[in-house]
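Engineer: Right, I'll just put the structure down here and ask away after.
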């Protein structure tokens, strides 16, 4: 009989490197799709929160006969269209929306393209703040191919009033404007 050498149990270095390469490739694919899913989830949350604000605005309109003016902010406050400093500045709004939603990705940002925006023209800002008859809510979705803006004259006027230059720009809107 021939004397056969016993083979050692275990993996060779090449086998280990191949397995590590395959696992790395699969994990990068999973992480890429996970990031895409996270972005879609945040976009869905943005749309839902804009609908929530829209419902609160309709309740406000029913109670006060108009929408709050976005340019009517407290004295010594610069005019702004981000919701925490415009719509939230209307004290009567808290009875319909106790906390103002903020963008899920950048809740403390001060850039317009990273916030929820409220625009509503008002003829005057004295007395009753509920004198606006139209409004527009805007947000910037991470999926920039998704766009429900109609691009009409009013829409372009609103965006120019919001001083929106550069990209990404708000590409999702709700309202009566």
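The values are calculated or read from the model by the stated rules, or taken from the named source; none is laboratory data. None of the values given here were measured: they were computed from a predicted structure. So basically every Cβ, Gly included, is an ideal-geometry build from the backbone, and we count neighbours across all protein chains shown.
Engineer: Considering only residues that are out of contact with any helix residue (DSSP H, G or I) (no Cβ under 7 Å at 6 or more places or on another chain) and buried (at least 17 other Cβ atoms within 10 Å of the Cβ), look in segment 89-101 and name the one that is modelled with the lowest pLDDT.
Structural biologist: 89
Engineer: Here's another thing I want to ask about it. For residue 14, only one of the following conditions fails: (1) more than 17 Å from residue 137 (Cβ to Cβ); (2) modelled with pLDDT of 90 or more; (3) surrounded by 12 or more Cβ atoms within 10 Å (Cβ to Cβ). What is its number?
Structural biologist: Every condition holds for residue 14 apart from (3).
Engineer: Is it the case that segment 69-82 has a residue that's surrounded by 11 or more Cβ atoms within 10 Å (Cβ to Cβ) and at pLDDT 85 or above?
Structural biologist: Within segment 69-82 (the criterion being surrounded by 11 or more Cβ atoms within 10 Å (Cβ to Cβ) and at pLDDT 85 or above), the answer is no, since none of the residues qualifies.
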